[in-house]
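What follows draws every value from the coordinates through simple rules; no lab data is involved. This is a predicted model, so every value here is computed, not measured. Heads up, the Cβs are rebuilt from the backbone with ideal geometry, glycines too, and the neighbour counts pull from every protein chain shown.
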Amino acid sequence: MALSSLLYASTARPGLTRGEIDAILTDAARNNSALGITGVLAFDGNGFAQIIEGETKTVESLYARIARDPRHSGCVRLSFSTIEERRFPDWSMGYRSLSDLVLIHDMAESDL
């Protein structure tokens, strides 16, 4: 089974509430667990960035569904790569600040 990691960014719908963010996290954790997806979501009050990882076809299918979600717009795929192992094996859906997500991604992409 080939594993892939996808990073995307998008703009939140104006007026998105904290309750809606919590619902996104709850739904994502439940759905991702069933799909074998792991990853992390970041939100800075205006936009989202998310890393999703799992079986390649499942990641592609999930990203297509995420891109159609009306709670955000301007979904842009920033990176997509094959991975040897998951970076977030214990997170069906982690939540971090946007600056934390950038740091996590940069560290994962480096040769350290």
Checklist entry - Got the relative contact order for segment 1-101 handy, in percent, Cα pairs under 8 Å and 6 or more residues apart? => result 48 percent
Checklist entry - Taking the highest mean first, how do the peptides 3-11, 72-80 order by number of other beta carbon atoms within 10 angstrom per residue? => result 3-11, 72-80
